[in-house]
1. For the range 71-89, what are the residues that are out of contact with any strand residue (DSSP E or B) (no Cβ under 6 Å at 6 or more places or on another chain) and either under 14 Å from residue 47 (Cβ atoms) or assigned to a helix (DSSP H, G or I) (or both)?
2. Which of the residues belonging to the range 55-66 are exposed (fewer than 15 other Cβ atoms within 10 Å of the Cβ) and either assigned to a helix (DSSP H, G or I) or touching a residue at least 60 places away in the same chain (Cβ under 8 Å) (or both)?
3. Report, by residue number, each residue of the range 8-31 that is without any contact (Cβ under 8 Å) to a residue 24 or more places away in the chain and touching a helix residue (DSSP H, G or I) at 6+ places or on another chain (Cβ under 6 Å).
4. Restricting attention to the range 6-49, report how many residues are modelled with pLDDT under 95 and over 13 Å from residue 82 (Cα atoms).
5. Does residue 34 fit the bill of being surrounded by 13 or more Cβ atoms within 10 Å (Cβ to Cβ), at negative phi and in contact with a helix residue (DSSP H, G or I) (Cβ under 6 Å, 6 or more places away or on another chain)?
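The values are calculated or read from the model by the stated rules, or taken from the named source; none is laboratory data. The structure displayed is predicted, hence computed values, not measured ones. For neighbour counting, all protein chains shown are included, and Cβ atoms are generated from backbone atoms with ideal geometry for every residue, glycine included.
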């Protein structure tokens with residue numbers, strides 16, 4: 001996806017946050033994301049627990065980082081609407097900490 005497409009999706013999500021209500025259904029894989037988009041939702045979220053369970057892992061940062069990122073990428077590629085991702089403990093004090101988690 002190119003930068004202009006990212007920008008367009010980010011702006012769409014920002015606009016949706018202005019209300020009156022933003023309802024974000026949780027997708028756990030590409031198929032659930034496609035079904036939710038077809039149902040008319042204007043944006044989606046991922047569910048860290050749902051993604052983990054769908055891949056055979058428990059909730060609570062049990063899924064390997066790279067598998068979570070790849071699964072989230074599949075969700076994003078399956079739809080044309082904005083997606084916000086639940087990456088569990090995906091916070092870091094430096095970007096390099098996150099890079100090393102993919103190894």
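1. Across the range 71-89, the qualifying residues are 71, 73, 74, 77, 78, 87, 88.
2. 66 - this is the single residue of the range 55-66 that is exposed (fewer than 15 other Cβ atoms within 10 Å of the Cβ) and either assigned to a helix (DSSP H, G or I) or touching a residue at least 60 places away in the same chain (Cβ under 8 Å) (or both).
3. Pass one, the range 8-31, residues without any contact (Cβ under 8 Å) to a residue 24 or more places away in the chain: 8, 11, 14-15, 17-23, 25.
Selection gives 22, 25.
4. Number of matching residues: 7.
5. When the stated conditions are applied, residue 34 passes them.
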